[in-house]
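Read the structure below first, then the notes.
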Amino acid sequence: AGGAGPAFGRTFVHQPLWPFAGRAAAAAWQRAYRADGRQPWHLDPAATALGFTRGHLGYVGIDRAVRTTVTGAEAYVAVGYLLPDGRPATAADVHLVRLGTGADAPWEVVGTRDTDLTLTAPGYGARISSPVTVGGRISGVDESIDVQVLALGAARPVGSTTRVPAGGDRSPWSARVDFRARPGTVLTIAAATGGHVADVERFAVTGVVAGRPAPARPAADGDVDGDGRTDTVTFPARGVLRIDYATGVTDTVPFTLGAGLDPVLLGIVDADRDGRAEVVVRVDAGAATDFISVFRYVDGRLALVTAAGRQAMLGSGGSVTHLDSWACRPGGRILTWSGTSEDGITYPGTLTTYRFAGATLVRTAERPYTVTPDRAPPTGCGSIRR
């Protein structure tokens, strides 16, 4: 995956991957080239793309530029290999931009344009620490994905994992990779699959920087995958939620729905302030109490949140003798409260605190909490007030 936008001139909006760590290194090569003409291949996008693929990534079987498209200071080079019948096949569309100013500004690899194999986590340009969760989507049968983390200038990968099983039609895949790199090091994460007709038949890369991740900013309402764009939730069938991401990818998630009820979307809010919004849906009701379930974006897909091994159901409302409520709070806490009254005024009950662990709510604390006319139960979660 790679960034988008203009790169020629003073503003460089991409994550530099290879062969230069940044503008200063590219400018140093320019001075040397103007002096003695050294390493002219930096001015050839196809040669640069193949040098990145074969030299930096180590995919030596990718030995040709199938197609090169240059538009101003931006280029895409389809790199690939020959099939057994002699036809060329594309393994990846490498994205390059000019790094620096002047007609002799060198080409820099900044990512790949992905199709059947995508690499969307971690986010492009993110600061990461070890271990890192890597993932995306893949179309194909009986695939096995190898992941490597490479540091600019290092002779060997600084982290890797192999044979991650995958396959299907735009199916999610993910893996956790341990790596060692000093903070500030430019890293390339590469995922590759093959083994049918060549060792590497498809690959995708993204660029990140080693270091402690910056605290996530809360996602805007509606932004489920944290890419800054609004996603759309619908219910195409009973007990089925569908999400259409702004990227064009979709997820469908089955869930249990109360008899005779239609689901009600209460909101899409970042309940735990991790930079991705949760989908909150009313799924059942009874005795003046609504019950909601939560859907959360985990490892590249939307998942139904569970608690104690079953679909999580958070209550809100009640009667003269019993009340339930739920809320989300800073620090990623999810609160539930349930109380019973003998007089309809005072409700002794229990306040339980949870945190998200992937698509699971894990209980972390529990204590008595009595609701009175002067002491309300916990309510509210972002723009969801009920």
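The values are calculated or read from the model by the stated rules, or taken from the named source; none is laboratory data. Note that the structure is a prediction, hence the values are computed from the model and not measured. Cβ atoms come from the backbone with ideal geometry, glycine included; neighbour counts cover every protein chain shown. These area figures cover heavy atoms from the full protein model, side chains too; ligands, DNA and RNA do not enter into them. Shrake-Rupley method; radii C 1.70, N 1.55, O 1.52, S 1.80 Å.
General remarks:
- Comparison of VAL158, VAL149 shows that the only residue that is of a type in the set (A, V, I, L, M), out of contact with any helix residue (DSSP H, G or I) (no Cβ under 9 Å at 6 or more places or on another chain), open to solvent by less than 50 Å² (accessible area, probe 1.4 Å) and more than 17 Å from GLY111 (Cα to Cα) is VAL158.
- Residue check, VAL141 open to solvent by 30 Å² or more (accessible area, probe 1.4 Å) and of a type in the set (A, V, I, L, M, F, W, C): yes
- Selection from the range 330-371 of residues that are open to solvent by less than 20 Å² (accessible area, probe 1.4 Å), closer than 27 Å to ARG301 by Cβ and either within 23 Å of the chain's Cα centre (by Cα) or free of Cβ contacts under 8 Å to residues at least 24 places away in the same chain (or both): GLY332, ILE334, LEU361
- Strands (runs of 3 or more DSSP E) within the range 216-263 that include 3 or more residues within 22 Å of THR306 (Cβ to Cβ) and not aromatic (Phe, Trp, Tyr): 240-244, 250-254
- Test: residue in the range 216-225 that is out of contact with any Phe, Trp or Tyr (no Cβ under 6 Å at 6 or more places or on another chain), at pLDDT below 90 and not basic (Lys, Arg): yes
- Scanning the range 297-329 for residues that are open to solvent by 70 Å² or more (accessible area, probe 1.4 Å), closer than 24 Å to SER174 by Cβ and in contact (Cβ under 8 Å) with a residue 12 or more places away in the chain yields a count of 2.
- Filtered residues of the range 88-104 (kept if part of a loop (DSSP other than H, G, I, E, B) and either surrounded by 18 or more Cβ atoms within 10 Å (Cβ to Cβ) or not acidic (Asp, Glu) (or both)): LEU99, GLY100, THR101, GLY102, ALA103
- Test: residue in the range 112-126 that is under 30 Å from PRO40 (Cβ atoms) and either open to solvent by less than 30 Å² (accessible area, probe 1.4 Å) or touching a Phe, Trp or Tyr at 6+ places or on another chain (Cβ under 7 Å) (or both): yes
Here is a yes/no grid of residues against (1) of a type in the set (Asp, Glu); (2) part of a strand (DSSP E or B):
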position: ALA47; (1), (2): no, no
position: THR68; (1), (2): no, yes
position: TYR76; (1), (2): no, yes
position: ASP85; (1), (2): yes, no
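- Looking only at the range 105-144, residues that are within 10 Å of the chain's Cα centre (by Cα) and either among the hydrophobic types (A, V, I, L, M, F, W, C) or not in a loop (DSSP other than H, G, I, E, B) (or both) come to 6 in all.
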